[in-house]
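Bear in mind that the values in this text are calculations on the coordinates, not laboratory data. Everything quoted here is computed from the prediction, not taken from an experiment. Neighbour counts are summed over all protein chains in view; Cβ atoms, including those assigned to glycine, are modelled from backbone coordinates with ideal geometry.
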Amino acid sequence: MNYYVQFGCGLSAPQGWLNFDASPSLLVSKIPFINKLLASKIPPFPKNVKFGNIIKGLPVENSSCRGLYASHILEHLSLTDFRTALINSYNLLQPGGVFRIIVPDLEYIINSYTTKQSELRSFEFMAEAHLGLEIRPRGLKGLLNSFFGNSLHLWMWDFASLNLELQQAGFVNVRRCVFNDCIDAKFIEVESKRRFENALAVECWKPAVK
């Protein structure tokens with residue numbers, strides 16, 4: 001097979017791709033009664049989004065994917081889970097398959113912090129990096145918002161560290177990429193220019209069979 005798979009897709013689910021998300025809100029959205037109760041809190045997912053967790057393994061056959069895409073999802077994983085996700089991603093790809101990744105750019109955020117003179121620059125850094133909590137969730141409403149939101153970043157990346165992790169997982173030809181510059185035009189269907197802004201975008205390959 002020549003699947004194109006996106007994981008952590010959120011509400012972006014182009015036709016022609018297998019779109020997976022592991023958000024609890026996706027599971028809830030499939031329960032009619034509860035979905036109605038939380039309709040104002042949970043935006044509706046496209047019907048072609050399936051529940052799938054890259055850490056536990058997606059319901060897709062190994063070595064069956066021509067392309068794999070992950071936009072602003074890997075930063076929400078712990079370092080150990082991130083490494084598991086890379087191994088599972090590598091296994092999903094065919095030899096010669098392409099993996100394109102977008103994460104927040106730690107180097108950009110740090111440079112922004114160091115060049116500002118504002119007394120509030122530390123607050124701006126924390127907000128831009130999505131680190132820390134302004135208010136600890138309390139009560140049922142706070143716990144629900146925290147559970148369904150999952151907006152905090154658990155690990156941040158610059159190119160050097162991400163490149164190292166990808167190579168250790170077996171990927172080759174790791175390079176910085178920009179919006180719609182992949183040789184495989186199929187990625188045009190899934191990429192959004194907005195997601196590349198001030199972000200670290202990387203492309204890599206599973207080695208082709210010699």
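Between ALA208 and GLU134, what FRET efficiency comes out of the Förster formula 1/(1 + (r/R0)^6) with R0 = 41 Å and r the beta carbon distance, rounded to 0.05? Before the final figure, lay out the partial values.
Working: r = 48 Å, r/R0 = 1.17.
Once the sixth-power term is evaluated, E becomes 0.30.
Can you run the Rg to Rh ratio on the range 55-110? Use alpha carbon positions and the Kirkwood inverse-distance Rh. Provide the component values of the computation, followed by the final result.
Values: Rg = 12.3 Å, Rh = 12.1 Å.
Looking at the range 55-110, the ratio lands at 1.02.
Restricting to the chain, what percent of DSSP beta bridges are antiparallel, rounded to 5?
On the way: 10 of 27 bridges.
Here the share of antiparallel DSSP bridges comes out near 35 percent.
R0 = 30 Å: FRET efficiency of LEU164 with ARG121, Cβ-based, nearest 0.05?
On the way: r = 29 Å, r/R0 = 0.96.
According to the calculation, E is roughly 0.55.
At a 10 Å Cβ-Cβ cut-off, how would you order VAL103, VAL28, fewest neighbours first?
Details: VAL103 23, VAL28 16.
Going from sparsest to densest Cβ surroundings: VAL28, VAL103.
Does the chain come out rounded, prolate or oblate, given a ≥ b ≥ c as the square roots of the eigenvalues of its C-alpha gyration tensor, rounded meaning a/c under 1.5 and, failing that, prolate meaning a/b above b/c? Could the numbers behind the result be given before it?
Details: a/c = 1.90, a/b = 1.12, b/c = 1.69.
Oblate, since a/c reaches 1.5 and b/c is not below a/b.
Sort VAL178, VAL98 so that the residue with the fewest other Cβ atoms within 10 Å of its own Cβ comes first and the one with the most comes last.
Result, fewest neighbours first: VAL178, VAL98.
What does the helix-only formula give at 222 nm for the chain: each DSSP H stretch with n ≥ 4 adding -39500 (n - 2.57), the total divided by the residues, and the result rounded to the nearest 500 deg cm²/dmol? Numbers along the way, then the final one.
Details: 7 runs with 66 residues, N = 210.
About -9000 deg cm²/dmol.
Just give me a number: lysine pairs in the chain, eight or more positions apart or cross-chain, with C-alpha atoms less than 19 Å apart. Show your work: numbers first, answer last.
Details: LYS30/LYS41; LYS30/LYS47; LYS30/LYS50; LYS36/LYS47; LYS36/LYS141; LYS41/LYS141; LYS186/LYS206.
Within the chain, the lysine pair count is 7.
Quick one: which residues, 5 or more positions from SER23 or on another chain, have an amide H under 5 Å from its amide H? H modelled 1.01 Å from N in the peptide plane, none for Pro or chain starts.
Close amide H contacts, sequence-distant or interchain: none at all.
Starting from the Cα-Cα distance between SER64 and ARG175, subtract it from 0.36 nm times their residue separation and give me the gain in nm to one decimal. Show your work: numbers first, answer last.
On the way: separation 111, 0.36 × 111 = 39.96 nm, distance 2.31 nm.
Net length gain for the segment: 37.6 nm.
Provide the gained length on full extension for the span GLU189 to ASN48, in nm with one decimal, where the gain is 0.36 nm per separating residue minus the Cα-Cα distance. Intermediate values should be presented prior to the final figure.
Values: separation 141, 0.36 × 141 = 50.76 nm, distance 1.47 nm.
Here the answer is 49.3 nm.
Ranked from highest to lowest mean number of other Cβ atoms within 10 Å per residue, what is the order of the peptides 130-136, 15-21?
Details: 130-136: 9.7, 15-21: 18.6.
Result, highest mean first: 15-21, 130-136.
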